[in-house]
Amino acid sequence: MASASTSKYNSYSLENESIKMVSQDGVSQDLSESVPQLPGETLITDKEVIYICPFNGPIKGRVYITNYRLYLRSLETDLRNLRFALKQEGHSRRDMFEILTRYAFPLAHSLGLPNHHWRITFINKCYELCDTYPALLVVPYRTSDDDLRRVATFRSRNRIPVLSWIHPENKMVIMRCSQPLVGMSGKRNKDDEKYLDVIRETNRQISKLTIYDARPSVNAVANKATGGGYESDDAYHNAELSFLDIHNIHVMRESLKKVKDIVYPNIEESHWLSSLESTHWLEHIKLVLTGAIQIADKVSSGKSSVLVHCSDGWDRTAQLTSLAMLMLDSFYRSIEGFEILVQKEWISFGHKFASRIGHGDKNHADADRSPIFLQFIDCVWQMSKQFPTAFEFNERFLITILDHLYSCRFGTFLFNCESARERQKLTDRTVSVWSLINSNKDKFKNPFYTKEISRVLYPVASMRHLELWVNYYIRWNPRIKQQQPNPVEQRYMELLALRDDYIKRLEELQLANSAKLSDATASPSSPSQMMSHVQTQF
């Protein structure tokens, strides 16, 4: 939302302009006081206020809040620092604050944020608190920015617990962060312990806060040697810790190499099942899906809020939070929603795309390379196979994303974090892959999609229900290519095209029939020339 003020010197040019206000009964009315108006701009509310100017002191004026900006009609003022004094009339200040936040942060407000439990903090607007986090963060309302700074000193890479998703009904939340810096000496941090307790109490939760550590317990203990660790029962009395046994980036990299070895250049049919089993790829897919199911179930059932982390909170954490949100929230199963999910949980929250993919780096043996994002997309594909009508997008959509993960044609997956992209002015210099997809959405739509708003998906994370994604991993094999496209989907698309053609022809016939009836009504005619209007239902 923009802010503006008008000077006494330019008020003459605004005399003939007005802005419409929508009253509570829905009737538009012109305000007697003239203010600038932009096309489509509507006034939401206006109040007499005293603006606390940091340079000139208190200034009386009237503030207007529109669906686009905040406008103060007074003397020339500096509106970079917004401080207003209002009369104590009921909840006028709260109403004004809620209206401001609703129109300034429309995406966040779709989940009812901010509210009296959660707030948006600008502590990281210059990436000073954490250079791998986004500029805007959502944290408990009761926590001050100074508290957050103290908590950051005890979390790896300063990646403090922040909100990822809130359940619209029971208000349970999914939080994400990095591991605590416990170390071999078992260090504690009272601010971190208090912060997790505030998260638990935010929604008046009686049960313990559930902490899901994505790592195997052995790895978490081993990380103490390098200054990391996990939340112990002694320090975090109101939290319950569970390890999800998902292996690290090095194990995943070696597993994918084994998949490549069994599918390229030739496939050995006689030992296919045993060869596939030896890669352990589907076992890793199973563990990631199992962890996400546990998170989704805990939040959906209203049993407790959850905190998710791994080591640094940008690999396995992103897999788990985004998959759980995909299971819980049908919005993220749409094309637009999935784009927002990837943009938020992966790109903005600092998954190290440059390090994991190695864009422009010739060092293929780099230990930081790992197919973490590919593994996430594979999990999404597994879910789409089990729920063929739940996702708006099709397999081509997922494959296109993966192709451009490596292509470097678009800036979407370049660099490791938001701050690096800002420094390189990536949005000015590159195009987003979402622009390509959104310019031709029909190509990426699932013809079987049925929108179900409140449905929670619980995929079966069993080896019997998981399969290798043949159309991605083996798509260049000539025998596999002959099987494309999916014959059922192709036939369904043909029927849809035929239906659209019939509907178009029917509309043309009805228009022609209406024109003839109009002509017959306008001029006298014999009964043989009269034509009755036929309503045809399709």
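The values are calculated or read from the model by the stated rules, or taken from the named source; none is laboratory data. Predicted, not measured: the structure shown is a model, and the values here were computed from it. Every residue, glycine among them, receives a Cβ derived from its backbone with ideal geometry; neighbour counts consider all protein chains shown. Surface areas here come from the heavy atoms of the whole protein model, side chains and all, with no ligands, DNA or RNA. Shrake-Rupley method; radii C 1.70, N 1.55, O 1.52, S 1.80 Å.
Only residues in segment 496-523 that are under 30 Å from residue 447 (Cα atoms) count as the first member; pair them with residues that are at pLDDT below 80 and not aliphatic (A, V, I, L, M), Cβ under 7 angstrom, at least 6 apart or cross-chain, and list the lot. What qualifies is 502/538; 503/538; 506/536; 506/538.
Among the residues making up segment 310-346, those that are among the small types (Gly, Ala, Ser) and either within 22 Å of residue 161 (Cα to Cα) or part of a helix (DSSP H, G or I) (or both) are 311, 313, 318, 322, 324, 330, 337.
Regarding segment 122-133, can at least one residue be identified that is at pLDDT 95 or above, under 16 Å from the mean Cα position of the chain (by Cα) and part of a loop (DSSP other than H, G, I, E, B)? The answer is yes; a qualifying residue exists. Out of all the residues in segment 435-445, is one or more touching an Asp or Glu at 6+ places or on another chain (Cβ under 7 Å) and open to solvent by 70 Å² or more (accessible area, probe 1.4 Å)? Yes, because at least one residue in segment 435-445 is touching an Asp or Glu at 6+ places or on another chain (Cβ under 7 Å) and open to solvent by 70 Å² or more (accessible area, probe 1.4 Å).
For segment 155-200, a tally of residues being surrounded by 20 or more Cβ atoms within 10 Å (Cβ to Cβ), of a type outside the set (S, T, N, Q) and part of a loop (DSSP other than H, G, I, E, B) returns 6.
Here is a yes/no grid of residues against (1) in contact with a Gly (Cβ under 9 Å, 6 or more places away or on another chain); (2) under 18 Å from residue 370 (Cβ atoms):
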{"residue": "247", "(1), (2)": "no, yes"}
{"residue": "251", "(1), (2)": "no, yes"}
{"residue": "257", "(1), (2)": "no, yes"}
{"residue": "264", "(1), (2)": "no, no"}
{"residue": "267", "(1), (2)": "no, no"}
{"residue": "283", "(1), (2)": "no, yes"}
{"residue": "301", "(1), (2)": "no, no"}
{"residue": "311", "(1), (2)": "yes, yes"}
{"residue": "317", "(1), (2)": "no, yes"}
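Taking the criterion of being open to solvent by less than 30 Å² (accessible area, probe 1.4 Å) and more than 21 Å from the chain's Cα centre (by Cα), the residues of segment 134-154 that qualify are 143, 148, 151, 152, 154.
The set of residues in segment 245-272 being aliphatic (A, V, I, L, M) and either without any contact (Cβ under 8 Å) to a residue 40 or more places away in the chain or open to solvent by 60 Å² or more (accessible area, probe 1.4 Å) (or both) consists of 251, 262.
Criterion applied to 275, 301 was being hydroxyl-bearing (Ser, Thr, Tyr), farther than 30 Å from residue 227 by Cβ, touching an Asp or Glu at 6+ places or on another chain (Cβ under 8 Å) and free of Cβ contacts under 8 Å to residues at least 60 places away in the same chain, and the one residue passing it is 275.
For segment 401-430, a tally of residues being open to solvent by 20 Å² or more (accessible area, probe 1.4 Å) and in a helix (DSSP H, G or I) returns 11. In segment 276-304, of all residues being modelled with pLDDT of 95 or more and among the polar types (S, T, N, Q), the one that is most open to solvent (accessible area, probe 1.4 Å) corresponds to 294. With respect to the conditions (1) more than 15 Å from residue 164 (Cα to Cα); (2) open to solvent by 10 Å² or more (accessible area, probe 1.4 Å); (3) aromatic (Phe, Trp, Tyr), residue 353 falls short on a single one, namely (2). Selection of segment 201-221 for residues being open to solvent by 60 Å² or more (accessible area, probe 1.4 Å) and either in contact with a strand residue (DSSP E or B) (Cβ under 7 Å, 6 or more places away or on another chain) or outside any loop (DSSP other than H, G, I, E, B) (or both) yields 201, 208, 218, 221. Screening residue 188 against (1) in contact with a strand residue (DSSP E or B) (Cβ under 6 Å, 6 or more places away or on another chain); (2) at pLDDT 95 or above leaves a single unmet condition, (1). Being open to solvent by 50 Å² or more (accessible area, probe 1.4 Å) and either in contact with a helix residue (DSSP H, G or I) (Cβ under 7 Å, 6 or more places away or on another chain) or at pLDDT 95 or above (or both), is that true of even one residue in segment 228-239? Yes, some residue in segment 228-239 is open to solvent by 50 Å² or more (accessible area, probe 1.4 Å) and either in contact with a helix residue (DSSP H, G or I) (Cβ under 7 Å, 6 or more places away or on another chain) or at pLDDT 95 or above (or both).
For segment 328-370, filtering for residues that are farther than 19 Å from residue 313 by Cβ, within 9 Å of the chain's Cα centre (by Cα) and of a type outside the set (Asp, Glu) leaves 4.
No other residue among 334, 370 is crowded, with 19+ Cβ neighbours inside 10 Å and of a type in the set (Gly, Ala, Ser) apart from 370. From the set of residues in segment 347-358 that are of a type outside the set (Phe, Trp, Tyr) and not in a helix (DSSP H, G or I), which is modelled with the lowest pLDDT? Within segment 347-358, the match that is modelled with the lowest pLDDT is 358.
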